[in-house]
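Presented below is the structure to which this report refers.
The values are calculated or read from the model by the stated rules, or taken from the named source; none is laboratory data. What you are looking at is a predicted structure, and each value in this text was computed from that prediction instead of being measured. Methodologically, a virtual Cβ is constructed for each residue, glycine included, from the backbone with ideal geometry; neighbour enumeration extends over all protein chains shown.
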Amino acid sequence: MKFKLMGLFSAALLALAAGSGAALAGTLTWNFYTLTGSPGEPGYDLGSNSATFTQNGQGLFVEAGTQSGCGSISNWCPDFTTDLFAKNGGPGEQGLGLTNDPYHDNEIASPDGIYLGLQDLGHATSVQIGSVQLGETWAIWGTNSFAGIGTWTEIASGVGTGAMVNYSSSLLGQYDQLIVADPFLMNQDGGNSNNIVLASITTAPEPGALALFAAGLLGCALFVSRRRYVRQR
């Protein structure tokens, strides 16, 4: 009986270790500021409103989105009239933007945003936003709805102080779809423009089936151990 019990504990611990290792190895970062080569290049139109970026064999679906004509501020729709733009304006001005920027900077400006589909990738742990000048605004919206209609919630927002924003929060872990947006058309500090770029996103997978199986094994081992202890008493 002791050997069986030790076997259960050993199998559970090995499975847990393997599951943890897989999760750690599965952490991925998409650096959109590397899309245009060396700093100072003007960037380029990706030629489509959507694209799939692959990192270590994992695809991240990205699409231009808008709040315009979607019924309310909590709704988002695909924007088929706008292309994704790989911007490279030097340090802090590199990332993914949109071609319909009213300020002609090819960045993200209200009422538009960039959609990130994380359904097969776990959840976001960090979103880095670039080109955030003094008074410029940014926001991150999230949903778990497949359709995403009327279910978006603003989960983070801020106003620029002149430096790039690196937003990281456990709150992002609750959502498998995100929108990175600029919530206001006008600069909040009286500046001439209000637009941002998506610089990078980091994702981490959910605990896999192996880890869940390990937890079950561990529970069985503890149950058997307790029953054996009670009988001996």
Under the condition of being buried (at least 19 other Cβ atoms within 10 Å of the Cβ) and outside any strand (DSSP E or B), which residue from the range 156-165 is modelled with the highest pLDDT? Gly160
Checking Asn100 against (1) outside any strand (DSSP E or B); (2) in contact with a Gly (Cβ under 9 Å, 6 or more places away or on another chain); (3) surrounded by fewer than 20 Cβ atoms within 10 Å (Cβ to Cβ), the condition it does not meet: (2)
For Gln133, only one of the following conditions fails: (1) modelled with pLDDT of 90 or more; (2) over 17 Å from Ala64 (Cα atoms). What is its number? (1)
Among the residues that make up the range 71-84, is at least one of them at pLDDT below 95, within 18 Å of the chain's Cα centre (by Cα), not hydrophobic (A, V, I, L, M, F, W, C) and not in a strand (DSSP E or B)? no
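Would you please name the residue that is surrounded by the most Cβ atoms within 10 Å (Cβ to Cβ), looking only at residues in the range 115-155 that are part of a loop (DSSP other than H, G, I, E, B) and among the charged types (D, E, K, R)?
Glu136
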Which one of Asp120, Asp105, Asp182, Asp101 is under 22 Å from Gln55 (Cα atoms) and not β-branched (Val, Ile, Thr)? Asp120
